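Note sheet for the following structure.
The values are calculated or read from the model by the stated rules, or taken from the named source; none is laboratory data. Keep in mind it's a predicted model, so treat the numbers as computed, not measured. Here the Cβ positions follow ideal geometry from the backbone for every residue, glycine too, while neighbour counts run over all protein chains shown.
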Amino acid sequence: MPSTRPPSIADLFVGGDKLRDLHEVVGLVVTNFGGIEETLRYLDWQLQAFALAAAMPSGTPDNDVQIALVTPRGDYFAEHMVLSKILKRIDKGLSHASVASALGADAAAIGAEWQTLRATAYDLGKRRNALAHAAIGVSGASVVRSLGLLTPATTVNPLDDRKLTTDIGAFRTPLGSFINKLTRALPFRDHNTVTFSEPIQITI
């Protein structure tokens with residue numbers, strides 16, 4: 001766990017606990033958002049798999065569908081993709097004729113829900129990059145962060161960094177709920193499916 005003791009002057013000069021704590025938070029942000037990206041890739045692949053299965057001859061046995069998906073699944077997950085590309089491919093997947101037809105009257109509402117999630121994912125990705133690609137150092141009595149040698153350094157607010165870890169964690173719930181909804185509505189054709197935990201609603 002990151003240190004909770006107040007930073008000393010020695011910390012500021014030698015990059016002690018305070019700097020270490022900030023680097024730990026950056027690691028948490030990168031790791032946790034990596035999980036979000038993998039979840040988005042799972043959604044992207046399942047939409048692609050649905051379109052691939054829809055293009056197969058009518059009445060294709062389910063076992064044959066699963067066999068046919070093995071190679072494209074392997075090719076997909078072997079490819080490196082940046083967040084912006086993943087989001088664009090999900091846009092394309094949701095607008096595919098086979099997906100839109102399967103969703104029917106719910107297609108517009110689901111598309112609107114995705115756009116809200118998409119905007120949040122994009123924002124979290126930008127905030128992740130701002131931390132992951134920045135250099136952290138000490139200027140006078142302050143810990144500062146800068147992006148590139150020619151960019152002015154700004155004072156670090158550890159609470160902002162911690163809020164990002166909280167926001168990433170909170171995003172898992174609506175994203176998982178959305179994917180669960182699509183899993184049931186389409187349903188997904190690749191049987192390598194994941195069910196995401198959702199809040200339990202208690203009616204009194």
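Are any residues in the stretch 182-194 surrounded by fewer than 16 Cβ atoms within 10 Å (Cβ to Cβ) and not hydrophobic (A, V, I, L, M, F, W, C), and if so, which ones? Show your work before the answer.
Just the residues of the stretch 182-194 that are surrounded by fewer than 16 Cβ atoms within 10 Å (Cβ to Cβ), to begin with: 184-185, 187, 191-194.
Arg184, Pro187, His191, Asn192, Thr193, listed by residue number.
So, Leu117, is that one part of a helix (DSSP H, G or I), touching a Phe, Trp or Tyr at 6+ places or on another chain (Cβ under 7 Å), aliphatic (A, V, I, L, M) and modelled with pLDDT of 95 or more or not? Show your work before the answer.
Details: part of a helix (DSSP H, G or I): yes; touching a Phe, Trp or Tyr at 6+ places or on another chain (Cβ under 7 Å): yes; aliphatic (A, V, I, L, M): yes; modelled with pLDDT of 95 or more: yes.
Here the answer is yes, as Leu117 does meet what is asked.
Rundown of residues vs (1) buried (at least 17 other Cβ atoms within 10 Å of the Cβ); (2) in a helix (DSSP H, G or I); (3) modelled with pLDDT of 75 or more, yes/no style:
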| site | (1), (2), (3) |
| --- | --- |
| Pro7 | no, no, no |
| Leu28 | yes, yes, yes |
| Leu43 | yes, yes, yes |
| Phe50 | yes, yes, yes |
| Ser58 | no, no, yes |
| Thr71 | no, yes, yes |
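Here's the yes/no breakdown for (1) under 20 Å from the mean Cα position of the chain (by Cα); (2) within 20 Å of Asn180 (Cα to Cα):
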| position | (1), (2) |
| --- | --- |
| Arg20 | no, no |
| Gly27 | yes, no |
| Thr31 | yes, no |
| Leu40 | yes, yes |
| Leu47 | yes, yes |
| Ala53 | no, yes |
| Pro57 | no, no |
| Asn63 | no, no |
| Ile67 | no, no |
